[in-house]
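What follows is one structure encoded as structure tokens, with my remarks underneath.
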Amino acid sequence: MKRKFYLCFIMLIIFALIPASVFAGGQAEGTSETAEKPQESAVEKPLTYWTAGGDFYKAEKIAIDSFNKKNPDSPVIYNPIPAGSSSEMIIQTAIATSTAPTITANLEVFFANFLAENDVLVALDTLPGFNELVKSRSSEGFMDSIRSADGHIYVLPQMWTPALLLYDNVMLKKAGFDKPPVTYSEFNEFASKVIEMGDCIAIDFDPIAAWWKLGYYWHTFYMSAKGNVQELSKDGLDTKSDVSVAFVEFVANAFKKGYASTDRDRYKFNQHSNVGCMACAGSGAPKGVMAMRPDAELTLAPPPVPDFIGTNEGSWVDASVKGLAIIKNSGNVEKAWEYIKWRFSNPEFDLELMNKTSLLPMRSDLMENPVFKDYFETHAYMDVFADFVPRSHSVLCPDKYDIYNAVKKALWEPIAYQKKDVNTALRDAEIAVQAVLAK
Amino acid sequence: MKSKSIQDNLIGKIVICLLLLWSFINIYPYFYLVIGSLKQDRDFYTSILNFKVLTFDSYEKMFALEELHFIRALFNSLFVAGAVTLATLFFSAITGYAISKLDFKGKSFIANFIIFQWIFTGTGVGFIVVFKLMVSLNLLSTYTALTVPFLMSAWGVFLFSQYFKTIPMALIESARIEGCSEFGIIFRIMIPMSKSVAAILGVFTFMGRWNDLLWSILVIRKPHMMTLNLSIANFVLGGGGRDKPGLIFAATVILTLPLLILFIIYRKQFITGISIGGGLKL
Amino acid sequence: MVFENTINSLKEKYGGYRKNVAATGSGKGLKKMTLIAWIIIMPYILWNIVFWLYPNIVSIPIALFETSLISAKAVFVGLDNFLDFFKREEFRMIMYNMIRFGIIYIPLSLVISMMLALMLNSVKNVALKSFLVISYFLPNLTAGVAYSVIFQKIFDPHSFLTKAISTITGTNIGWFSDTNIVLIPMAIMIVWKSSGYYALLLLANISSIPDSYHEAALIDGAGSFTRFWKITLPMINPTFVIVVIFAVTTFFGMFAEPLMLTEGGGPMLASYTFKMEIFHQIYDRMAVGYGAAVSLVAGIMSYVLVLLIKKFVGKEV
């Protein structure tokens, strides 16, 4: 009797599963039918666009609204995708269920290239007028660092923000420096003066830095010494180079001598005046610091370099890059491209972006173009970042995420907590990175 | 004898002091939250008792946004959370009754399965399958998509069945003898007796829907269908939310306030639930 | 003991506390009862087949593939995802953290909530009791992210609390940056959030124990501890089991705290959790198959724990 009952129950489940799986199986036809029917009667399928959230949205809204005013017949339908660590998942889910919009923003270059590998994005450089658009923004120099492995460009960066070091002028003066230190030994001299001030640290290296932050630290310090290096693109770091070894030694020394601290909540550059310099400052950072400490005086500088390099004049730094892409099977590619061309050939919208978000657009004529002149006169510190835009690039490697997590585990945290010496850490990091690349 | 009553009195006072201390610990972070939401970013880390710097700046910034669709979003959130809560309470109570008080074939299997379902987290990607189902039924941006996948809760069934187990069987027997139907027993005896469990389950279900972000992001594509949480996450906090503590706190206050109001309105059920539990003394 | 007899006689008098179920289900009544019962639970079962069983069963095979949501190529790897997870340091640290967290959190939350419930039960003043009940439930009204932000400020090295403790102990404490103590503030946060709620669950049941049981025991001369041990605890066993299950499975749901406070489980994985690993795999690495495998491991492990609790703590669940 009992067994019979269980059998019945299992049968019931199976019967219920059949219609359910039919639902899911018939999904592909189902959407195309139901989704297109109402729209056939309308003039054309609308162009949909997911913008980035928050302040980005406010900037982008101005551009889209004025585009829609010009083209009232076929407006762009837009709404923000929530930013944060889940937006990649949302985009993927939408693509997997063919409910994605035509244009989606807020893509990191390496994520866009991941999508491109799976053949869901339109190669932008195959579209008509791409080269002219790039030229009109005088941004040919940026293309190499966003090119994917197959040589095409899939993402058009909206923002291009270099990372620099942000020094506290009061601390610099107290330590007897009238400009930021240039070499590691100069920095160590500055740092030793800073920690004598009591409960202060010289640099706020994050002992448990998230992968992207670790990437900034490494690349900014590395490029500052080596200049524009494309060979980094393969594995994201170059543990054997003398510059890398010097950088790791510098970090290890900082944590050992107390120039940097593992107590990350105690020393916060934008809250307390007990930190000599912020190790990774994007263009929003000065504004953020001024909001909390209105009377702070700041100096921006590229990172110090190893003593054997000697100067960080004209050095390169790492950049944070996010952009938009067109999704292949969503239709409307021409219309989407038309909008993007219009949006990116109007410098006023780049100005809008800077006004709303304090982030910089991808163009090398920021300082020369008269459109932006007012902005840089009224906004302190931004000109320094703008100066670095042409001398920065985002290091590109497909396994960026895995590589930096591996480096964090094998090298960064053990160095910060003084569990490993520099050579062991570098060797372990090399092994861990090779393991990631081998997969 | 007299000294004993004095001692009891003293213990009673100590007990009340301890209880009040715990309630202070529970309320303090809310105080902190409200004060924080009234501060500008630059004053954010100043002393909590510094009342001079308080402004409504963060709230003004938030409500200045017309994209927030505040009224509509509030209605959507209330409707979705309310409907799901009522359905969950109803189905949990009847299923819990069947499992704890009726004897039938397959009972232990079902009871064990429900515990399994409550505890077992699944694959973590099952929601994508449900999402595909919603897409194939063309239900994106509808109330159906926001409510139907959450109508029942294994945890609720488990909670009700555990509570019903403590209600004497004799009560049900006597009701049956008087000719009351099973549904009559559920609605006239069992549910009135389990108001505290219903209140707890109701508040949690309501909160679960109210605070939900991931699912609403997936299924809502039209601005007027957005829930309050989604709307605030999209238009107010956006990407750079972490640098704006004042705004985060203000958003948290706005999101918590309706819950708090609802909870205070239904506090009676909460309390009577507990004292009706005491009424079980027979 | 004498008063156990009294209790037994009371139990008989007030109806089969547990046993009478069998009496109703005999002969002809059983078939009818089965029908009614199945009608009652049918909506639940149907709903669950569509929205729980089906999605979960369909997604289980994903754990055997190396795939993302959109990749055209899904590589079948068999049990490699599981085996790889068991080999990694993350898995060892999660297990280690689970034990460390459990040792702090489970006794602390159980003792505090039980004490709160017993003390609340002795409060006679209705207004005071309502105030206390409401205030104890408050922590549950805030989402995890928000209360993490609040506690970040409370455990800040410049906060009053940390300064006071630093002055007493003579060392600087970085709550979230020391591998050995990072789980303590997290446990305290979760105790704050959950104890009031556990206490209310227990209170609902404690106050339902007939006074006559306690009176009978008092007449027999039982002390307050004996009464707690012999009457209160057995009588509230079903609810107590729920609370123990909640407390033990808390670790499996821990997510907002490490995400917000320690950059996703640092320092050196000292606050890494299952949910963090699932999030990391599915959302950050886009390895849906691997994430599903980890999620299945966590699910099975928590279910086994619950079965053990039921066996050793629960009398009848």
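Coordinate-derived values only; no laboratory data. A quick note: this is a predicted structure, and the numbers were derived from the prediction, not measured. Positions of Cβ are generated from backbone atoms using ideal geometry, with glycine treated the same way; all protein chains shown enter the neighbour counts.
Annotations for the structure displayed:
- Springs between Cα atoms under 10 Å define the GNM used for chain A, and in it the highest mean-square fluctuation of A:Ala52, A:Ala410, A:Ala149 occurs at A:Ala149.
- Karplus-derived 3J(HN,Hα), 6.51/-1.76/1.60, for each residue of region A:64-75, Hz, glycine and proline x: 5, 4, 6, 5, 5, 5, 6, 10, x, 6, 10, x
- Sequence-distant lysines (8 or more away, or on other chains) whose Cα lies within less than 21 Å of B:Lys52: B:Lys39, B:Lys61, B:Lys244, C:Lys153
- Take the Cα of A:Asp307, step 7 Å toward its Cβ, do the same at B:Thr142, and the gap between the two points is 7.3 nm.
- Positive dipole terminus of the protein assembly as shown, leading residue within A:Trp412, B:Leu230, B:Gln7 (C-beta point charges): B:Gln7
- Ascending count of other beta-carbon atoms within 10 Å, so fewest first, for A:Asp242, A:Asp295: A:Asp295, A:Asp242
- Residue of C:Ile181, C:Ile45, C:Ile209 that the Gaussian network model of chain C assigns the largest fluctuation, springs spanning Cα pairs under 10 Å: C:Ile45
- For chain B, the C-alpha radius of gyration divided by 2.2 N^0.38 Å, with N the number of residues, is 1.26.
- Chain C - Rg and Dmax from Cα coordinates, angstrom: 24.4, 76
- Length-normalised contact order of chain C in % [C-alpha pairs under 8 Å, at least 6 apart]: 26 percent
- Amide proton proximity set for A:Asp318, modelled H, under 5 Å, gap of 5+: A:Ala163, A:Thr220
- Axial C-alpha extent at least 20 Å, average Kyte-Doolittle at least -1.0 - helices from chain C (DSSP): C:28-48, C:89-122, C:183-206, C:237-253, C:288-312
- Kirkwood-Stokes translational diffusion coefficient of region C:160-317, alpha-carbon pairs, 4 °C, 1.567 mPa s, µm²/s: 68 µm²/s
- Whole-Å semi-axes of region B:74-213's equivalent ellipsoid (Cα gyration tensor): 31, 18, 13
- Expressed per residue, the C-alpha convex hull volume of region A:162-318 stands at 106 Å³.
- Dividing the convex hull volume of the alpha carbon atoms of chain A by its residue count gives 192 Å³ per residue.
- Degrees, to the nearest 10: A:422-438 long Cα axis against longest axis of chain A: 20 degrees
- Region B:55-281 - percent relative contact order, Cα under 8 Å, separation 6 or more: 35 percent
- Theoretical FRET efficiency, 1/(1+(r/R0)^6), r = Cβ-Cβ of B:Asn112 and B:Gln40, R0 41 Å, to 0.05: 0.15
- Between the Cα long axis of helix A:184-196 and the first principal axis of chain A there is an angle of about 80°, rounded to the nearest 10.
- Projected onto their three principal axes, the Cα atoms of region C:84-125 cover extents of 58, 13, 9 Å, largest first.
- Kyte-Doolittle mean at least 1.6 and Cα axial length at least 20 Å: DSSP H helices in chain B: B:245-265
- Simple spin-label estimate for A:Asp263 and A:Glu334 gives 6.6 nm between the two label positions (7 Å along the Cα-to-Cβ direction from each Cα).
- Residue pairs, from the table A:Lys174/A:Lys213; A:Lys240/A:Lys400; B:Lys105/B:Lys165; B:Lys13/C:Lys124; B:Lys13/C:Lys129; A:Lys174/A:Lys226, whose Cα atoms sit over 20 Å apart: A:Lys174/A:Lys213; A:Lys174/A:Lys226
- Cα Rg over Rh - region A:280-364, Kirkwood: 1.12
- Between B:Val15 and B:Leu74, the FRET efficiency from the beta-carbon distance, with R0 = 30 Å, is close to 0.15.
- What you get for region A:288-380, charging only the Cβ of Lys and Arg (+1) and of Asp and Glu (-1), is a dipole of about 580 debye around the Cα centre.
- Gap separating the Cα centres of region C:246-317 and region C:79-105, nearest whole Å: 9 Å
- Amide H within-cut-off set for A:Gln158, under 5 Å, with H built and near neighbours excluded: A:Lys322, A:Gly323, A:Leu324
- Cα gyration tensor shape of region B:1-78, rounded if a/c is under 1.5, else prolate or oblate by comparing a/b with b/c: oblate
- Charge-dipole axis of region A:162-318 as Lys and Arg at +1 and Asp and Glu at -1 on Cβ define it, positive-most pick from A:Tyr216, A:Gly176, A:Gly288: A:Gly288
- Alpha-carbon centroids, region B:82-125 and region C:133-176: separation in whole Å: 37 Å
- Furthest towards positive pole of dipole, C:Ala146, A:Leu351, C:Phe65, structure part the protein assembly as shown, Cβ charges: C:Ala146
- Fewest-first ranking of A:Leu437, A:Leu156, using other Cβ atoms within 10 Å as the exposure measure: A:Leu437, A:Leu156
- Candidates C:Asp211, C:Asp156, C:Asp178, ranked by Gaussian network fluctuation over chain C, Cα under 10 Å, top entry: C:Asp211
- Kirkwood Rh, Cα atoms: Rg over Rh of the protein assembly as shown: 0.99
- Compactness index (Cα Rg / 2.2 N^0.38 Å), region A:325-439: 1.59
- Per-residue Cβ neighbour rank within 10 angstrom, fewest leading, A:Ser345, C:Ser68: A:Ser345, C:Ser68
- About the centre of its Cα atoms, region A:162-318 shows a dipole size close to 260 debye [charges on the beta carbon of Lys, Arg (+1) and Asp, Glu (-1) only; nearest 20 debye].
- Residues of type lysines that A:Lys373 reaches as a straight line, Cα spacing below 21 Å, ignoring anything fewer than 8 places off in the same chain: A:Lys135, A:Lys287, A:Lys356
- Lysines with Cα under 20 Å of A:Lys419, excluding same-chain neighbours fewer than 8 positions away: A:Lys256, A:Lys257, A:Lys408, A:Lys409
- Simple point charges give the picture: +1 on the Cβ of Lys and Arg, -1 on the Cβ of Asp and Glu, and for chain C a dipole about the Cα centre of about 1000 debye.
- Centre separation in Å (Cα based) which lies between region A:137-176 and region A:377-431: 13 Å
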